[in-house]
1. Could you grab me the full set of residues in region 231-261 that are among the small types (Gly, Ala, Ser) and under 21 Å from residue 198 (Cα atoms)?
2. Run residue 196 past the list (1) within 20 Å of residue 12 (Cα to Cα); (2) of a type in the set (Val, Ile, Thr); (3) in contact with a strand residue (DSSP E or B) (Cβ under 8 Å, 6 or more places away or on another chain) and report the number of the one that doesn't hold.
3. Can you tell me which residue in region 189-245 is surrounded by the most Cβ atoms within 10 Å (Cβ to Cβ), limited to those that are polar (S, T, N, Q) and modelled with pLDDT under 90?
4. Could you please find all residues in region 178-188 being assigned to a loop (DSSP other than H, G, I, E, B) and surrounded by 17 or more Cβ atoms within 10 Å (Cβ to Cβ)?
5. Taking the stated definitions as given, is residue 139 farther than 25 Å from residue 293 by Cα, at pLDDT below 95 and assigned to a loop (DSSP other than H, G, I, E, B)?
6. Of 310, 278, 302, 272, which residue is surrounded by 21 or more Cβ atoms within 10 Å (Cβ to Cβ), touching a Ser or Thr at 6+ places or on another chain (Cβ under 7 Å) and either at pLDDT 95 or above or not assigned by TED's automatic domain parsing to the domain that holds residue 103 (or both)?
7. Do you know which residues across region 327-354 are touching a strand residue (DSSP E or B) at 6+ places or on another chain (Cβ under 7 Å) and surrounded by fewer than 17 Cβ atoms within 10 Å (Cβ to Cβ)?
8. Of everything in region 246-266, what is modelled with pLDDT of 90 or more, outside any helix (DSSP H, G or I) and surrounded by fewer than 24 Cβ atoms within 10 Å (Cβ to Cβ)? Give them in sequence order.
Amino acid sequence: MFVIQGEGRGHFTQAISLYEICKRRNIEVCAIWVGKSPQRSIPQFVVDTFHIELNTFESPNFLTDKSKKGILVGKSIVHHLSHSRKYLKEIRRINVDIDIHKPDVLVNFYEPLIGISQMIFNWSVPIVSIAHQYVYLHPKFEFPKLSKWQRAGLSYFTQITGSGSKLLLAISLYKLNDTDIIKVIPPLLRTDFLNIQPEKQDFILSYVLNAGYLNELIAWQAANPGKIVHCFTDSKDVAEYKMVNDNMHLHSLSDTKFLDMIAKCSTLASTAGFETVAEAIYLSKNIFMVPVAGHFEQLCNAMDVKSIGAGNWGNSFADMDLSETSNGFDYYQYKTWVDSAETTIIEHIIKASQPD
């Protein structure tokens, strides 16, 4: 059984990748649950990819500020605590489905309600939690030396999502030694993506969710009218496609179209979500990232990518630097690491499903 946190694109694409692996290995995915919120909808490409019904449940999500750019951690916590009875009902719905399907293992893609459920009910099904964020719990991961309380908050939230898990699979851009519970695995990229033949055409590809960054990117392009930008967003103002001007193009979230464009773009300009950046590195693209304001996790991602020489970042798209962003990065070694993902993850999941 899969349970997927529905915030952003990364957890969905990781789940899709594992779903494809399971099909190749004749492992049945008996049920899929997706956390949702009023701020987000499930992208159509996710609905089209999974060949079984998607069950949805209300899940905690970050609230955004008035600019629709940054996230409000404190207000988000207070808001969701006031809705705790609703979330307990959702946990019971998942629990009923576990009793019906009796899965050998539950795979949790960073959904906090699964960790909370283990604190309350202590389900007997083995749980394997998968996310890039679990690398933040690894003793060798280097945090930005900026805010101890933000580091503590991110670590605490991540621990909650993985509470009661038999294994934490930490997705990383590079190898780190395993610990007893944290197993470091490569990025989970989908089969269609791994078969892409990259090229470099003269346009910038962007992926932003929060509306404030979309407006910022449109303003940057207006100040640089010779630059061609294709931006993917879940903005409700973009039904499928919208042309702002001859060189500024907006697209609704589309899996196939995004794959085609990331293969052909010269540069990825994006907020600093892990999955999209990991894909761009695999294709040897120039990368410029803008961490979402107040989103310490994205700041960690941006600084981590820059520290290994695979990309650059700034505080806004107004600061976008389109010069070469790689600095001695070993793309061959990275691709070899990514290509080993299927064998590594299946070994861990099968082992976790076995009795102790």
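The values are calculated or read from the model by the stated rules, or taken from the named source; none is laboratory data. Predicted model only: the values in this text are computed from it and were never measured. Cβ: placed from backbone, ideal geometry, glycine included. Neighbour counts: every protein chain shown.
1. Pass one, region 231-261, residues among the small types (Gly, Ala, Ser): 235, 239, 252, 254.
Hit for region 231-261 is 254, nothing else.
2. Result: residue 196 fails condition (3) only.
3. Here the residue is 210.
4. Keep residues of region 178-188 that are assigned to a loop (DSSP other than H, G, I, E, B), which gives 178-181, 186-188.
Correct list: 186, 187, 188.
5. Yes.
6. Numbers: 278 fails: touching a Ser or Thr at 6+ places or on another chain (Cβ under 7 Å); 302 fails: touching a Ser or Thr at 6+ places or on another chain (Cβ under 7 Å); 272 fails: touching a Ser or Thr at 6+ places or on another chain (Cβ under 7 Å).
Exactly one of 310, 278, 302, 272 is surrounded by 21 or more Cβ atoms within 10 Å (Cβ to Cβ), touching a Ser or Thr at 6+ places or on another chain (Cβ under 7 Å) and either at pLDDT 95 or above or not assigned by TED's automatic domain parsing to the domain that holds residue 103 (or both), namely 310.
7. Across region 327-354, the qualifying residue is only 344.
8. 246, 247, 248, 249, 250, 251, 266, listed by residue number.
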